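Notes follow once the structure below has been shown.
Readers should treat all values here as calculations from the given coordinates under stated rules, not as data from a laboratory. The shown structure was predicted, so the numbers you read here are calculated from the model rather than taken from an experiment. Note that we place each Cβ from the backbone using ideal geometry, even for glycine, and neighbour counts take in every protein chain shown.
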Amino acid sequence: MSAAIRPEAEQDRAAVWSVNQAAFEGDAEANLVDALRDGGFAQVSLVAEVDGEIVGHILFSRVAIITKVGPVDALSLAPMAVLPSHQRQGIGSRLVEAGLEACRESGHRIVIVLGHPEFYPRFGFSSDLARRLESPFGGGEAWMALELAPRALEGLEGRVEFSPPFGAME
Ligand SMILES: CC(C)(COP(=O)(O)OP(=O)(O)OC[C@H]1O[C@@H](n2cnc3c(N)ncnc32)[C@H](O)[C@@H]1OP(=O)(O)O)[C@@H](O)C(=O)NCCC(=O)NCCS
């Protein structure tokens, strides 16, 4: 059973909501996806499909790194979800890999994530790379960054400003 990864389409909205609701066991992340999409903040949104059913989803949305010399564009990887029945089969990893590739192809240079420290480093995310980026949500080891372009984070220091829909998550 292999999953097909493809960009989210308009008619996927309800299925994407359900996958997020099931994976997070609540509505907050599912509603966050809708708010990010509706607010125009979503940049890359991919789904994983098995036998015509959407079983996974990943979203990258715009954030700004507020530095002393002005804002720098970046992306936030959040949320991502795989149906509990389909977890630990590599689908989440394929969504991250395909998602990062799509972000790179669109010219994005920096991605940040606040997530499982045992999962994201395998794709190149590092809490060390994020050490000069201030997170409004804290995070410690879970606060990580990745460079899609070489040295994109070199010399960069500042506060990461999330889009308004994330405010509802605090
Ligand atoms: C995290 C998640 C997207 C991973 O998807 P997946 O298809 O299971 O991922 P893969 O099979 O490619 O990789 C499995 C890895 O995910 C991580 N993982 C899976 N379930 C996890 C859980 N409940 N808590 C923490 N990490 C988990 C582990 O690091 C695991 O690695 P391992 O199998 O080597 O131990 C999925 O488990 C999920 O939807 N979880 C609930 C929602 C969530 O936490 N989203 C991410 C928010 S940062």
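Overview of values
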item	result
Segment 16-36 and segment 91-170: distance between their alpha carbon centers, rounded to Å	20 Å
Highest-first arrangement of 114-124, 87-97, where packing means the average Cβ count within 10 Å	87-97, 114-124
Kirkwood-type radius of segment 69-118, with distances r between different C-alpha atoms, in Å	12.5 Å
Shape metrics for the chain, restricted to C-alpha atoms - Rg then Dmax, Å	15.3, 50
Check: segment 4-169 dipole with +1 on Lys, Arg Cβ and -1 on Asp, Glu Cβ, in debye	500 debye
Value of [θ]222 nm, deg cm²/dmol, for the chain, DSSP H segments ≥ 4, -39500 (n - 2.57) each, nearest 500	-7000 deg cm²/dmol
Asp128-Gln87 pseudo-label distance in nm [points 7 Å out on the Cα-to-Cβ vector]	2.9 nm
Charge dipole of the chain about the Cα centre (unit charges at C-beta), most positive-ward option of Phe119, Pro150, Gly139	Pro150
Relative exposure of Ser61, Ser106, judged by other C-beta atoms within 10 Å (fewest first)	Ser106, Ser61
